[in-house]
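All remarks here apply to the structure that follows.
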Amino acid sequence: MRRILVTGGAGFIGSNFVRYWLKHHPRDRLVNLDLLTYAGNLENLRDVESREQYRFVHGDISDGVLVEHLFREEEIDTVVHFAAESHVDRSITGPSAFIDTNVMGTFALLEVARKIWATDDTACRFLHVSTDEVYGSLGPNDPPFTERHSYAPNSPYSASKAASDHLVRAYGETYGMQVITTNCSNNYGPFQFPEKLIPLVIANALEGSPIPVYGDGKNIRDWLYVDDHCSGLEAVIEKGRLGEVYNIGGSNEWCNIDIVQLICQRLDELQPGKAPYAGLITFVSDRPGHDLRYAIDSDKIQTTLGWSPAHDFQSGIEQTIKWYLENREWCEHVRSGEYRQYYEQQYGQRVG
Ligand code: NAD
Ligand code: TYD
């Protein structure tokens, strides 16, 4: 039986992971530490919040006193570290929070784990959940990122995640801490905050607002259904080798404009509007430092841990679009308040 501290479990991937883990490992203890920033939302966890094995704690990963108390009180043996500032566009307009949480927060967590696990010879594990964006941008014909690809982050977000990856690695090498890092490609699925491409397209289409596509829309991302990321993390927690890095991805590369068109077409069928939704597509000024292409080579996790994604893109995007159609209230809640200000700041000038 594991005793897991999940950080950032009220966010998109974290809340999907909490649900996944409680379903597949009902006897494990799961403590979710989350600061509930704009991206954290307890509505994401309504269906599991009363589970006996689950506990939510409102707090900051940078609060060493709180984190140490939790480690001791809950006898934590596994950390699954999601908590982060995660949106590239926000990192361009306000990088400071990214350094605070992604770098200093990860450092604070590592310090507590080092202190408490130093005397512990049980199978402790610090799983650091990171991104493929640390590797920088690929050219159109480059092979996908392997775990040996050199780091070349281009945004304050990816630079802060790269810094945290290096800290995690150093704690493994220097202190013998029980660390593993995963670098995953773009996730999509239920509960993703509608500042990210896929839910933003769905939400804007449904309210008849312009759908902003940066630059020429030819940038490429490699999309993985969030549950497949969760099963990849499960494989790493259960079978991953300490000190190793695992890339997780679904070999599913798409140009942004193709994904946007696909979502519009499917919405036309599921929820027809007055005119085809594609008429809302608006090309806007590009994101500064916009990485051209990400693609993950997940051969290592597939061959050494036996993981593979269970969802193809067709079924994953179908489930995702239907989830957003069935959960419009959730979407309206998270798009009220701070989101409106953010949207105006990011897109006001761009879409007029
Ligand atoms: P998210 O922005 O949806 O959620 C982040 C969560 O962290 C929120 O619940 C927020 O309240 C919490 N948080 C932020 N600062 C905190 C702090 N100081 N202390 C405690 N909690 C704090 O992010 P996400 O998309 O779910 O991503 C989760 C992790 O996975 C991140 O580390 C991200 O870098 C990584 N990742 C994301 C993707 C993706 O496509 N979304 C892909 C690969 C890796
Ligand atoms: P995003 O979901 O922000 O993820 P990331 O930048 O971490 O890959 O963006 C995915 C792609 O979609 C990226 O190439 C930027 C582009 N994009 C748009 O064209 N318009 C938008 O409004 C957003 C949010 C993203």
Filtering region 131-161 down to residues that are crowded, with 22+ Cβ neighbours inside 10 Å and among the small types (Gly, Ala, Ser), which residue is farthest from Cys230 (Cα to Cα)? Ser155
Find the residue count for region 204-227, including only residues that are part of a helix (DSSP H, G or I), open to solvent by less than 10 Å² (accessible area, probe 1.4 Å) and either within 11 Å of ligand 1 (Cβ to nearest atom) or out of contact with any strand residue (DSSP E or B) (no Cβ under 8 Å at 6 or more places or on another chain) (or both). 1
Selection count where residues are within 15 Å of ligand 2 (Cβ to nearest atom), open to solvent by 50 Å² or more (accessible area, probe 1.4 Å) and in a loop (DSSP other than H, G, I, E, B), scope region 310-352: 1
Within region 3-42, restricting to residues that are in contact with a helix residue (DSSP H, G or I) (Cβ under 8 Å, 6 or more places away or on another chain) and among the charged types (D, E, K, R), the one that is nearest to ligand 1 (Cβ to nearest atom) is Asp34
Six or more apart or on different chains, Cβ under 8 Å: which pairs go from a residue in region 279-291 that's closer than 23 Å to Arg266 by Cβ to one that's acidic (Asp, Glu) and open to solvent by 40 Å² or more (accessible area, probe 1.4 Å)? Could you list them? Phe283/Asp216
Looking at region 248-262, can you tell me whether even one residue there is of a type in the set (Ser, Thr, Tyr), open to solvent by 50 Å² or more (accessible area, probe 1.4 Å) and farther than 20 Å from Asp286 by Cβ? yes
Taking the conditions exactly as written (open to solvent by 30 Å² or more (accessible area, probe 1.4 Å), away from ligand 2 (no atom under 16 Å from the Cβ), of a type in the set (Val, Ile, Thr) and at pLDDT below 95), does Thr119 satisfy them or not? yes
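The values are calculated or read from the model by the stated rules, or taken from the named source; none is laboratory data. The model shown is predicted, which means the values in this text are computed figures rather than measured ones. Methodologically, a virtual Cβ is constructed for each residue, glycine included, from the backbone with ideal geometry; neighbour enumeration extends over all protein chains shown. Accessible surface is based on the protein model in full, side chains and every heavy atom, while ligands, DNA and RNA are left aside. Shrake-Rupley method; radii C 1.70, N 1.55, O 1.52, S 1.80 Å.
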